[in-house]
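The values are calculated or read from the model by the stated rules, or taken from the named source; none is laboratory data. These numbers come from a predicted model, not from an experiment. Glycine gets a Cβ as well: all are built from the backbone with ideal geometry, and neighbour counts include every protein chain shown. What goes into the accessible areas is simple: the full protein's heavy atoms, side chains included, and nothing from ligands, DNA or RNA. Shrake-Rupley method; radii C 1.70, N 1.55, O 1.52, S 1.80 Å.
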Amino acid sequence: MNMGTSVGFTRRQRMLTILLSLALLATLVAVPVMVVSGTPGPDGGTAPTFGGFIGSNSFFNENQATYEIFGNIREYHPLGFTEWTAGWYEDANGNASNSITSMNPQATFMNTWGVFDNYYKTMFDKGIEVTLCVQGTAGDRARPDYQDPDGTQSAVAASYLGHAQSMFQLAARYGGNKDVDPNLVRVAAGTEKKIGLGYVRYFENFNEPNLNGFNGAQFAAMLSADYDGHMGTMGPGVGVKAADPNAKLVMGGIAGAMYNSTAYGNKDNDDRHFLQDMLAWFDANRTLAQWKAAHGGSEEGYEKYPFDVLSCHIYCTDVSTGVSPEQDHLFTVVSDYVNYCKEKFPGKEVYLSEFGWDTAHDGYSVFRAPVSGTVNTGLTGAEVQGRWLVREYLMLAAAGIDRARQFMIPDTSDNPYNPNWFATCGLVYGIQGSANYKPSWYYIGTMNNVLKDAALKDIEIVADGGQAANDTETGGPWALKFSSGKNTDLIYALWLPTSLGDRGGANVQDYTVAVPAGYSHATLVTLQDKVKWGERTDISDRIAGGSVTVSISEKPVFVILGKDEYYNPIFDFIHPHNFDTWTLTPDSGDPSLLFDERRADINPNPAPNMQNAWSPGSMHRYAVVDLGAKYNLSNLYVYDREGALAAGKVLAAYAYTGGGAPALPPNDMTGSQVQTMLAGGDWERIGWFDFAGWGIWAEANVEVETRYLVLGFEDGPSEFYDNPWPTDWLPVPEMVIKGALAKGETPPPPPPPPPPPPPRTFAP
């Protein structure tokens, strides 16, 4: 969906300008050498596995297919996206909605463009943890000191009443508390009031406040308001915790807090003092005595530091160009910061929410991945970015970060040679909606596929590789050892920390991995552009004398040791040419039209053909999909043609889990007979689509092994139509299924070749 296609407001052109400017600004505000976002947490943090640890930054209108390599996303959410009173819009009489800056703010949620409920639900269904990062301000203010018109009370929590009310509204809707007082929940005209949807747990209240007009005391005051209405003293409906006590407030990422200016490269933009100024404000303004005075002498619920997650950003650069994480002493710097946070704020999480490099290696971006005759020789900027990102994720995990987020999924420019800062920082070429993946997308995806279930708390640093002092120094290998969370596999991540390039294959070292007793299988996984998810080579025959030796370079490789034959299914879209479909109930249309476009992705451009759709007719109608072999399914995607199913109908999907093949006679069953069969114990419902919005892919996350699916229209909830339509169904243009061939299964035969073209004839 394009941000510029919003409708229903009188300031469309102004909206488009603002949105595009904010989208670009969100990528440009991180101007200092580093910005850090994170908090130390208990063992394992909230992302106990490596898959939950890997994250990125993105927008609500990103191509959904790009998300599959991540376990968490930080969503850039300008205040006016969903805050009606922020002054972005006009009411029916042309009056600006800018009451949030008044002394009596009435923050009001608006589901702008009708997309945000669906976006957060989709991410939740995917199992991706979203941090909703509120950015920007109301009107033209540099920072949201809304209730402090003359600037004299900017370090007082009450000055941020409007902002804290808006944070309450977001948490009341998307948090998990269904018992919020409905009278405190305000929505704009045309937005349905919803409470406790449970889609979002983490809410971040700003981005890089130290670069956007705050000092430490001022931001501490706003954080206190946003957390719990400054210990509950600002009235009802204020702060995230007032809406959902179990929600987590993420401190807006502070630029530079991770570095100590007296060490590690003589960084001169240390902003740890900003955090320390915040702590001084908390010491003076959130004391236990003040809490007890506000709560009748009770200590219950007291929290001195009003945040659950510390957030920061860090970019590896020498202030003229990007450098490798090893050259920037990243592991030492981050480890020091994590230890500092654990000492100061025990039990809280530490996130690093922005890091990365630009792929346009020519130009003046100080974050570009450099390529020259001496540095990364023979490589491209995109290749260097991919290698360095994988190396940084691995080191951040070993240093104790709870979640790490690369900046960001899309580029901010459609020009891959744009030399500006962050213009080419993405994992895809192009802006939001693109699916033109860079090598980094495949490399991170391979890392996640291999390490997804590995426990963060079990990482062992076998060799730290040294901290390369400069790009030409030869470093020893890095070796991290992981334990798989689902089986007994041991996984090694191996690489060299230099930035010399491959040197024609000469920049390699042999590394010997110890193979414990009982482990007889070894698999080598290498990073390859355009290969999901990496190339795998069985190297079991190399095991000798209790070890196996592999060649490593600057591009990380993974060695998987197993007691049994290694099996790590690669989930991908199952191509529809292998399907056999038929109807179970009479007059149910042609279900093969669900797959007639042979789509291998859910890229919105172009959208599915609306004219070629499965139109099953009214009442309860069912059809069968035979995949041709057993698959481990992971996702079902259905394209929503009309915006909702009519008259309270849903499209249901069932997977066969019994033995053998089920009896599924074509056109010979009534709807009630099919329902009785589906309730008999051999079928599992894996999807129930009431759809979500016009022209949107609805998704169901599944985890089932099956060969046969039954799809059908059934009774279900509908919030969209007060009066039933003449029919109780809507055509479904397209469905996409994602999974991996089950172990031991023979894949279906390939599709027949296309028929030859008809012979050409020529007029006499």
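Post the alpha-carbon centroid distance, the stretch 273-297 to the stretch 68-113, in whole angstrom.
Each part's Cα centre sits 30 Å from the other's.
Is the stretch 367-489 best put as rounded, prolate or oblate by its Cα gyration tensor, with a ≥ b ≥ c the root eigenvalues, rounded for a/c under 1.5, and otherwise prolate when a/b is larger than b/c, oblate when not? Spell out each step's value before the answer.
Working: a/c = 2.42, a/b = 1.34, b/c = 1.80.
Taking the square roots of the gyration eigenvalues as a ≥ b ≥ c, the stretch 367-489 is oblate.
Please arrange Lys342, Lys743 by accessible surface area, largest first, computed with a 1.4 Å probe and ligands excluded. Could you put the intermediate results ahead of the total?
Working: Lys342 90, Lys743 120 Å².
Ranking Lys342, Lys743 by accessible area, largest first, yields Lys743, Lys342.
So how do Glu62, Glu129 rank on accessible area, 1.4 Å probe, biggest first, that is with the largest at the start? Don't jump to the answer; show the numbers that get you there.
On the way: Glu62 10, Glu129 35 Å².
Result, largest first: Glu129, Glu62.
What ³J(HN,Hα) values, in whole Hz, does the Karplus curve 6.51 cos²θ - 1.76 cosθ + 1.60 give for the stretch 55-67 when θ = phi - 60°, with x put for Gly and Pro?
x, 8, 10, 6, 10, 5, 9, 6, 4, 4, 5, 6, 6
Using modelled backbone amide H atoms (1.01 Å from N, in-plane), which distant-in-sequence or interchain residues come within less than 5 Å of Tyr622's amide H?
Leu584, Thr585
Quick check on packing: order 559-571, 314-326, 541-553 by the mean number of other C-beta atoms within 10 Å, highest mean leading.
My ranking of the peptides, most packed first, is 314-326, 559-571, 541-553.
Cross-link partners among aspartates and glutamates for Lys126, C-alpha distance below 17 Å, same-chain residues fewer than 8 apart left out?
Glu62, Glu68, Glu75, Asp117, Asp453, Asp572, Asp601, Asp690, Glu699, Glu703
Only bridges whose two residues both fall in the stretch 355-492 count here: according to DSSP, what percent of them are antiparallel, nearest 5? Display every interim value, and only then the final one.
Numbers: 9 of 11 bridges.
DSSP beta bridges in the stretch 355-492 are roughly 80 percent antiparallel.
In square nanometres, what is the average projected area of the Cα convex hull of the stretch 165-234? If you can, show how the numbers build up before the last one.
On the way: hull surface 23.4 nm².
Mean orientational projected area (the stretch 165-234, Cα hull): 5.9 nm².
With an 8 Å cut-off on Cα pairs and a minimum separation of 6 or more residues, tell me the relative contact order of the stretch 172-261 in percent.
Working: 137 pairs, mean separation 30.5, N = 90.
It rounds to 34 percent for the stretch 172-261.
Asp453: net charge of surrounding residues, Cβ under 14 Å, Lys/Arg +1, Asp/Glu -1, itself excluded? Walk me through the numbers on the way to the answer.
Numbers: positive: Lys452, Lys457, Lys486; negative: Asp458, Asp489, Glu703.
Cβ neighbours under 14 Å give a net charge of 0.
Apply the a/c threshold of 1.5 to the C-alpha gyration tensor of the stretch 509-565 and tell me whether it is rounded, prolate or oblate.
Numbers: a/c = 2.86, a/b = 1.50, b/c = 1.91.
Cα axes put the stretch 509-565 in the oblate bin.
Within the accessible area of the chain, what % is carbon and sulfur when the probe is 1.4 Å and the other protein chains stay in place?
That fraction is 50 percent.
Do the alpha carbons of any pairs in Lys649/Lys743; Lys649/Lys738; Lys292/Lys457; Lys304/Lys452; Lys178/Lys738; Lys248/Lys304 sit beyond 26 Å of each other, and which pairs? Each step should come with its number before you reach the end.
Details: Lys649/Lys743 36 Å; Lys649/Lys738 24 Å; Lys292/Lys457 37 Å; Lys304/Lys452 35 Å; Lys178/Lys738 33 Å; Lys248/Lys304 15 Å.
Where the Cα-Cα span goes over 26 Å, the pairs concerned are Lys649/Lys743; Lys292/Lys457; Lys304/Lys452; Lys178/Lys738.
Report the residues of the stretch 550-568 in range of a label on Arg503: point 7 Å along Cα→C-beta, backbone N strictly under 16 Å from it.
Those under the cut-off are 551-555.
Any idea of the accessible area per residue across the stretch 397-518, 1.4 Å probe, to the nearest Å²? The partial results should precede the final answer.
Numbers: 4220 Å² over 122 residues.
Value returned for the stretch 397-518: 35 Å² of accessible area per residue.
What Kirkwood hydrodynamic radius do you get for the stretch 224-376 when you take the inverse of the mean 1/r over all pairs of distinct Cα atoms, in Å? The partial results should precede the final answer.
Numbers: mean 1/r = 0.0562 Å⁻¹.
The answer is 17.8 Å.
Explain nothing, just the number: relative contact order of the stretch 358-473, from Cα pairs under 8 Å at least 6 residues apart, as a whole percent. Please list the in-between numbers first.
Details: 170 pairs, mean separation 29.7, N = 116.
Reported relative contact order: 26 percent.
Please say if the stretch 403-467 is rounded, prolate or oblate, where rounded means a/c under 1.5 for a ≥ b ≥ c the square roots of the C-alpha gyration tensor eigenvalues, and otherwise the choice is prolate for a/b larger than b/c and oblate otherwise?
Values: a/c = 2.97, a/b = 1.98, b/c = 1.50.
Note, shape of the stretch 403-467 comes out prolate.
Counting helices only, and only those DSSP H runs with n ≥ 4, report the 222 nm mean residue ellipticity of the chain as the sum of -39,500 (n - 2.57) divided by its residues, in deg cm²/dmol to the nearest 500. Write out the running numbers ahead of the final one.
Numbers: 12 runs with 143 residues, N = 764.
My calculation for the chain gives -6000 deg cm²/dmol from helical runs alone.
Taking the Cβ of Lys193 as the center, what net charge do the other residues with Cβ under 11 Å away carry, scoring Lys and Arg +1 and Asp and Glu -1?
Values: positive: Arg173, Arg186, Lys194; negative: Glu192.
After counting each charged neighbour, the total is +2.
Could you work out the relative contact order of the chain? I mean the mean sequence separation of Cα pairs under 8 Å and 6+ apart, divided by the number of residues, in percent.
Numbers: 1922 pairs, mean separation 86.5, N = 764.
Value for the chain: 11 percent.
Here are a few candidate values for P(r) over Cα pairs in 20 Å bins from 0, in percent: (i) 16, 46, 33, 6, 0, 0; (ii) 13, 39, 33, 13, 3, 0; (iii) 11, 23, 20, 23, 17, 6, 0. Which one was actually calculated from the structure I just gave you?
(i)
Enumerate the amide H contacts of Val187 below 5 Å, restricted to partners 5 or more residues apart or on another chain; note that Pro and chain-start residues carry no placed amide H.
Residues meeting the amide H criterion: Phe109.
Summing Lys, Arg as +1 and Asp, Glu as -1, what charge do residues with Cβ under 14 Å from the Cβ of Val180 carry, Val180 excluded?
Numbers: positive: Arg173, Lys178, Arg186, Lys193, Lys194, Lys241; negative: Asp179, Asp181, Asp244.
Local charge sum for Val180: +3.
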